[in-house]
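The values are calculated or read from the model by the stated rules, or taken from the named source; none is laboratory data. Quantities reported herein were computed from a predicted structural model and do not represent experimental measurements. Heads up, the Cβs are rebuilt from the backbone with ideal geometry, glycines too, and the neighbour counts pull from every protein chain shown. Remember, those area values only see protein heavy atoms, side chains included, never the ligands or the DNA or RNA. Shrake-Rupley method; radii C 1.70, N 1.55, O 1.52, S 1.80 Å.
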Amino acid sequence: MNNGSCWQILKAAFAVVVWLGCVVSQAAIINVTTSDNYTKIESANPGDEVVIAPGTYAFRVHLTKQAGVTNPIVIRALDPANPPVWDFGSTLVENAPGSYTAGDRGRGGWQFSGARNYRISGIVFRNCRTASRNSAGIRYYNTTTNLYIKDCVFHLNDNGLTGGTQNSEATVEFCEFNANGNTNASLSSPTHNIYVYGGNLALRYCYVHDPVQGQNFHIRCRESTFEYNWFARANSYEGDLMSNDDFSGPGPFSQTMTLRGNVIVQKSNPLNNSQVVAMFNDGALANLTLNIRGFYNTFVGNGANAAFIHVSNADGTQMNAEISDNIISGTGRPALIDNTTAASVTGVNNWIRTNATVGTPTSGYLSNSIRSASPGFRNAALQDYTLTNNSVCIGAASPTVFGLPGREYFLNEATNRQWRIRAAARDLGAFESTSTSAPIGPYISEPRPRLSIAPSAGNVDVSWPLFAQDYQLHQSPLTNPAVWGPTLSAYTTNASNISAAVAISPGGNLFRLKK
């Protein structure tokens with residue numbers, strides 16, 4: 001949850017809910033207006049909050065401080081409805097004012113080098129371009145960790161977001177990436193909406209669309225998670241997992257990308273119409289394994305038979321793909337495998353069109369596919385990919401897939417960058433037909449998960465909703481003070497919740513969820 005960890009406490013015999021306040025230490029408020037320069041922003045120390053007034057800014061920002069988890073450096077818009085805009089116009093970023101003078105100063109309008117625990121929100125980054133055609137709105141590198149970017153817009157930059165080194169960490173939520181790329185860059189080294197070279201990256205509730213060159217996401221991370229986003233109309237193909245630039249030594253090496261609950265809409269005439277998401281060892285790295293898990297996504301193809309997942313391993317690189325509970329429409333090729341002897345492609349319960357190819361047991365195959373002429377979108381012409389009441393995709397998902405979705409993107413391209421609680425995980429694709437919860441935006445507190453409790457054969461079954469999968473169940477005997485610790489009971493996940501069967505001590509127990 002925002003601003004620290006909050007708790008829910010539930011007594012075993014009857015429900016008693018207590019919410020404890022959350023406190024984040026704060027040192028100073030730093031107000032920035034268009035009369036200021038980079039000095040104020042860069043001077044922020046752990047616990048400080050930088051508040052930026054509306055207006056247009058055209059100076060570079062270089063951030064290197066190392067804050068803690070409980071006292072992050074917060075940089076935010078004074079008014080998110082009227083955000084500050086970093087717009088360099090026709091000026092190359094390296095020629096704009098700024099404190100950083102090294103040769104790579106043009107690689108980002110804002111650069112984070114070795115930084116820790118920055119939280120950025122409500123800022124527009126526009127026209128960040130460099131002579132080498134590889135600038136970005138934000139670049140992070142040199143093991144920048146716990147970088148959190150929320151409600152930012154990246155528009156008309158060489159790359160929207162770039163950077164990432166071996167141990168870097170970034171989380172991006174509620175952001176828009178639109179029309180980034182540089183058509184003057186060579187096709188052998190194209191520019192993208194998002195290009196991250198390494199580390200760990202999570203992208204959620206974002207609207208990523210219409211790059212003018214390259215892909216919506218070009219990823220070399222060790223671990224990357226893209227969930228509950230809307231990706232649309234990449235100029236080449238939607239995205240890829242490529243070999244990490246920072247690996248060294250003999251290995252073995254492994255990289256994994258997770259695609260969960262996304263809507264992916266293919267361009268009608270992309271430059272590469274043979275694939276949608278690809279794995280490729282373009283660095284010819286030895287002893288490498290690439291993995292993609294794609295589940296509960298809704299893919300809307302252009303009808304030209306592009307492979308939803310392309311296992312591009314003609315060089316013999318081991319690659320693995322799991323493809324389950326997706327709607328794979330507008331193509332007859334859920335997967336394409338170049339070298340079947342170095343690949344494993346499996347999956348269950350995907351919707352595919354009647355004449356689609358699912359492969360053979362020796363080339364990788366998808367079992368229990370749901371086939372029909374149409375998945376039953378409510379109104380595909382208006383980009384409404386929720387399901388009609390008679391859709392064959394309703395109730396067709398397999399609940400045995402690991403990591404069932406508890407959230408979903410809301411709602412479409414016009415109403416974007418929000419999420420809502422997914423009512424269950426019984427339907428295929430990105431949307432559950434029974435979801436009715438109100439949307440959650442970047443400045444709305446996340447809903448607080450409630451514990452439910454019921455007796456069961458001398459134990460109690462304690463359960464909580466799927467959207468709170470990142471919470472843990474803790475328990476304490478009825479003592480004063482309470483003595484909390486993680487419950488030792490195993491969790492069970494089904495299509496509607498997570499539960500644990502817990503033995504109760506004679507004096508009773510308290511339970512709470514911890515994030």
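List of remarks:
- Note on segment 263-345: the C-alpha convex hull projects to 5.3 nm² when averaged across all orientations.
- Averaging Cα coordinates gives a centre for segment 114-152 and one for segment 393-429; these two points are 29 Å apart.
- Between segment 283-321 and segment 200-220, the alpha-carbon centres lie 16 Å apart.
- Protein-only accessible surface order, largest first, of 410, 431 at 1.4 Å: 410, 431
- With DNA, RNA and ligands ignored, accessible area of residue 188 (1.4 Å probe; Å², nearest 10): 110 Å²
- Pair-distance distribution P(r) for segment 291-439, from all Cα-Cα distances in 5 Å bins starting at 0: 2, 10, 19, 22, 19, 14, 8, 4, 1, 0 percent.
- Per-residue accessible area (protein heavy atoms, 1.4 Å probe) orders 61, 358 as 358, 61, starting from the largest.
- CD proxy at 222 nm, helix term only [per DSSP H run n ≥ 4: -39500 (n - 2.57); per residue of the chain; nearest 500]: 0 deg cm²/dmol
- Largest first, the extents of the alpha carbon coordinates of segment 155-222 on the three principal axes equal 31, 25, 13 Å.
- Selection from 317, 299, 414, by position along the positive dipole direction of the chain (Cβ): 414
- Residue among 167, 355, 118 farthest towards the positive dipole end of the chain, charges placed on Cβ: 118
- Shape of segment 238-286, Cα gyration tensor, a/c cut at 1.5: oblate
- Once all protein chains are placed together, residue 419 keeps about 0 Å² accessible to a 1.4 angstrom probe.
- The Cα trace of segment 25-121 gives Rg and Dmax of 13.2, 40 Å, the first to one decimal, the second as a whole number.
- Dipole magnitude for segment 38-108: computed about the Cα centre from +1 point charges on Lys and Arg Cβ and -1 point charges on Asp and Glu Cβ, it is near 120 debye.
- Once Rg and the Kirkwood radius are both taken over the C-alpha atoms of segment 199-243, their ratio Rg/Rh works out to 0.96.
- Total charge dipole magnitude, segment 156-266, about the Cα centre, Cβ charges on Lys, Arg, Asp, Glu only, Debye to nearest 20: 140 debye
- Stokes-Einstein D (µm²/s) once Rh is taken as the Kirkwood radius of segment 196-355 over alpha-carbon pairs, at 25 °C in 0.890 mPa s: 158 µm²/s
- Close Lys-Lys pairs in the chain, where close means Cα under 27 Å and separation is 8 or more or interchain: 9
- Difference of contour (0.36 nm per residue) and Cα-Cα distance, residue 66 to residue 166: 34.2 nm
- Three-way shape call for segment 380-424 based on the alpha-carbon gyration tensor, with the a/c threshold at 1.5: oblate
- Principal axes of segment 356-507: Cα extent on each, largest first, Å: 61, 46, 27
- With a simple spin-label model that places each label point 7 Å from the Cα along the Cα-to-Cβ direction, the separation between residue 91 and residue 443 comes to 2.9 nm.
- Spherically averaged projected area of segment 400-457 from its Cα convex hull (nm²): 5.9 nm²
- Label-to-label distance, nm, for residues given as residue 494 and residue 415 (7 Å Cα→Cβ offset): 3.1 nm
- Summary of the geometry: segment 37-64 and segment 81-98, compared by the centres of their Cα atoms, lie 13 Å apart.
- Residue 233 accessible area, assembled protein chains, probe 1.4 Å, Å²: 60 Å²
- If R0 is taken as 35 Å, the Cβ-Cβ distance between residue 82 and residue 187 corresponds to a FRET efficiency of 0.35.
- Between residue 400 and residue 286, the contour length at 0.36 nm per residue exceeds the alpha carbon distance by 37.7 nm.
- A compact globular protein would have a Cα radius of gyration near 2.2 N^0.38 Å; the ratio found for the chain is 1.00.
- Its Cα centre serving as origin, the chain has a Cβ charge dipole (Lys and Arg +1, Asp and Glu -1) of approximately 640 debye.
- In this simple spin-label approximation, residue 33 and residue 372 carry label points 7 Å from Cα along the Cα→Cβ vector, and these lie 6.1 nm apart.
- Alpha-carbon Rg with Dmax, taken over segment 421-506, Å: 15.6, 47
- Rg and Dmax, both from the Cα atoms of segment 287-334 and both in Å, are 12.1, 36.
- Per the Debye formula on identical point scatterers at the alpha carbon atoms of segment 344-425, with no solvent, log10 I(q)/I(0) at q = 0.15 Å⁻¹ is -0.70.
- Spin-label zone in segment 52-69 - amide nitrogen under 18 Å from a point set 7 Å from the Cα of residue 142 along the C-beta vector: 60-68
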